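Below you'll find the structure, written out as structure tokens, and then a few comments.
Rule-based calculations on the coordinates, nothing more; no lab input. Quantities reported herein were computed from a predicted structural model and do not represent experimental measurements. Counting neighbours? That spans all protein chains shown, and the Cβs are built from the backbone with ideal geometry, glycine included.
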Amino acid sequence: MRKYFTMLSLMFVMNIFLSCKGKITDSCATTEKVYTGTLSEVQSDVFNSFCIGCHGNITSNGGLNLSAGKAYNNLVNIPSTGSTLLRVKPGDTINSYLLRRLNASAGESPMPPSGKLNQSLINLVELWVSKGAQNN
């Protein structure tokens, strides 16, 4: 009787593993990065990755340097050269020129010029601005 129970238990466990074959995944592999909306996140994931080629220490198109340590002072409460808006108006995602360019809204051409950023990165910049565009 004990042998029969052991065999039945083994078959049950094998059935579970076989039914899950190909369905077990790493749940972290497909999850999107969770941002808190800091300048550090914007700097590393947006500016350093997509912007400083044209807006960095060597080339500063439009007089805008987005290099680490310089981005904040060149963005927050600074008038844009292409609009009457501020480049970044803390707490105001609608009237921040940077977001108009990233979203290619109000007839603006997109930044970066190579193509619109992934929406999660635009959301990160929006989060940073909406939280007051702190130098953090």
### Task
For the stretch 39-130, build the charge dipole from Cβ charges (+1 Lys, Arg; -1 Asp, Glu) around the Cα centre, then report which of LEU39, SER60, PRO110 sits farthest towards its positive end.
SER60
### Separation in nanometres of the label points that stand 7 Å from Cα toward Cβ, at SER49 and THR36
1.9
### For SER96, distant residues with modelled amide H under 5 Å away
LYS89
### Task
Would you mind putting 103-109, 91-97, 41-47, 55-61 in packing order, based on average other-beta-carbon counts within 10 Å, highest first?
41-47, 91-97, 55-61, 103-109
### Query
Can you work out the FRET efficiency for the pair LEU127 and SER60, with r the C-beta to C-beta distance and R0 = 22 Å, to the nearest 0.05?
0.30
